[in-house]
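Worksheet for the structure shown next.
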Amino acid sequence: MLLMTFLLICSEYGTIFATKVTFFYIICGGYVALILLLCLESLLVGMIKPRDVLKIFAPSSLLQIFMLFYLGFTLISAFLSEYPTVWTGLERKEGFGTIAIYVLCFYFVARFIRAQKWMIYFFGAFVTIFGVISVIQFCGISFLYPKGMNYYDAYTKYSSAHIGTLGNVDFAAAFLALAIPIFLVYIVKAEEKQRFYLLVPLLLSLGVMLKIWVLSGIIGILAIFAVTIPPAFSFKRKGIIIYWSVFVFFMLIGLATIYFVRLDGGLFGELHNILHGNISESFGTGRLYIWHQVLSRIPDNLFFGTGPDTMLYANIEPFYRTDPVYGGIIALIESAHNEYLNILFHQGIFAFLSYVCAVMTVVIQFFKNASKSREVLILGAALIGYLVCAFFGISTLATAPFFWVCLGFFDKYSNKEKIK
């Protein structure tokens, strides 16, 4: 319930990130502290014995083990770093303390929380409010924007785009890629009539996603449809083959259209040039340039990185682009704009491999159990949507807590019998 309120807690976009940071530590950090205090209290009053503590907190799944390794290697990276801000973070506030809260939230949810049916409707209500606020902003109303500005002033009066109560549209796309499959799959798989109420947040979420049209979010949604439709509708082998054939056919039609139809500028124009072998590092709002620069620096600190959230110290050559309104814009590189590459740079190859192994565990468990468990199907689809978005985005305090909590629930249900 507290995490749902975190979705709507906001302020004007000039200060929204600082507001999210404050309430992240209050809500998520407070949850972690509460669990640890309850354990300590139980130990002091004799409800549990010292030897029971190890049993309570011992990892019970492969996913938990990989995430503990990820946290451990991140801690080593922080200790070895020459920068004092590794504990609290620099620009993105994702130092070791924040990462520890992420992982412990996942771990404690997987160990101690039981999902209830009302939670998804509660989530739907808050996403509906998020969607309504976004629609109001699409109507040109200056809500949460600086005075005299609105959604359509993005990249003209200010240099980025914001929507809803999350701020940057990239953050909103990552969140929606996680939320949309939860509602979609639940409507398909649940039996109670009330499930159709979730059409409201589902349609609002899809509408917002299409309106903001963020590439990472669109690719995330396509990935969700690719992997979840067959188990959601209980397709047999023949049905799966037909579905994948149709899906691949339409994807090829889309690529062929982009290849043969020349488009100038924009996403499809960039894809047209890439398919013809004309690749510029400025594509993807400079992501290709950023990835190239970050990759070139990784061998310098391959094993343990430079420490969490320290890329700004690396003095990577800034990205320069021209804008019809602002003229020349110099963008300092503070993140890799690829969550996996970001981990490799900051925390090193051991933390990176631990995280990738955890992701692969999620994917394997999903394909193994999605057709057997409604919960695994719903939560796995949400995680896949988010993880695909992560190839083009960054982890942020505004959206990451929802991912880590979903990951905890997924681990609980994909290992239900073992936990019992």
Using 0.36 nm per residue of separation minus the Cα-Cα distance, give me the extension gain between V356 and L34 in nm, one decimal. 113.0 nm
Quick calc, R114 & Y313: beta-carbon distance into FRET formula, R0 45 Å, rounding 0.05, result 0.55
Under 28 Å from K189, Cα to Cα: lysines that are on another chain or at least 8 residues apart: K117, K211, K236, K238, K368, K372, K412, K416, K418, K420
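How much length is gained on full extension from V188 to S142, taking 0.36 nm per residue of separation minus their Cα-Cα distance? Don't skip to the end; give the middle numbers.
Working: separation 46, 0.36 × 46 = 16.56 nm, distance 3.68 nm.
That pair, V188 and S142, stretches by 12.9 nm at full extension.
Pull out the extension gain between Y152 and A226, defined as 0.36 nm times the separation in residues minus the alpha carbon to alpha carbon distance; nm, one decimal.
On the way: separation 74, 0.36 × 74 = 26.64 nm, distance 3.24 nm.
Fully extending the segment from Y152 to A226 adds 23.4 nm.
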Using a Gaussian network for the chain with springs between C-alpha atoms less than 10 Å apart, which of these wobbles most: T257, T165, T396? T257
Residue by residue, what Karplus-based ³J(HN,Hα) values in Hz, rounded to whole numbers, does region 123-130 have, using 6.51, -1.76 and 1.60 with θ = phi - 60° and x for Gly and Pro? 4, x, 5, 6, 5, 4, 4, 4
Rounded, prolate or oblate, given the Cα gyration tensor of the chain, with a/c below 1.5 counting as rounded? rounded
Between Y340, Y158, Y386, which gets the highest mean-square fluctuation from a Gaussian network model of the chain, Cα cutoff 10 Å? Y158
So the FRET efficiency between F249 and H292, C-beta based with R0 = 41 Å and rounded to 0.05, is 0.75
Which of M251, M67, M47 ends up with the largest GNM mean-square fluctuation for the chain, with Cα atoms connected below 10 Å? M47
Please give the residues of region 169-188, grouped as numeric ranges, whose backbone N is less than 18 Å from a label point set 7 Å along the Cα-to-Cβ vector of L203. 180-188
Pseudo-spin-label distance E41 to I349, built 7 Å along Cα→Cβ, given in nm, is 4.7
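Laboratory data are not the source of any read-out in this text; all were calculated from the coordinates shown. Note that the structure is predicted; figures quoted are calculated from it, not measured. As a convention, Cβ positions derive from the backbone with ideal geometry for all residues, glycine included, and neighbour counts pool all protein chains shown.
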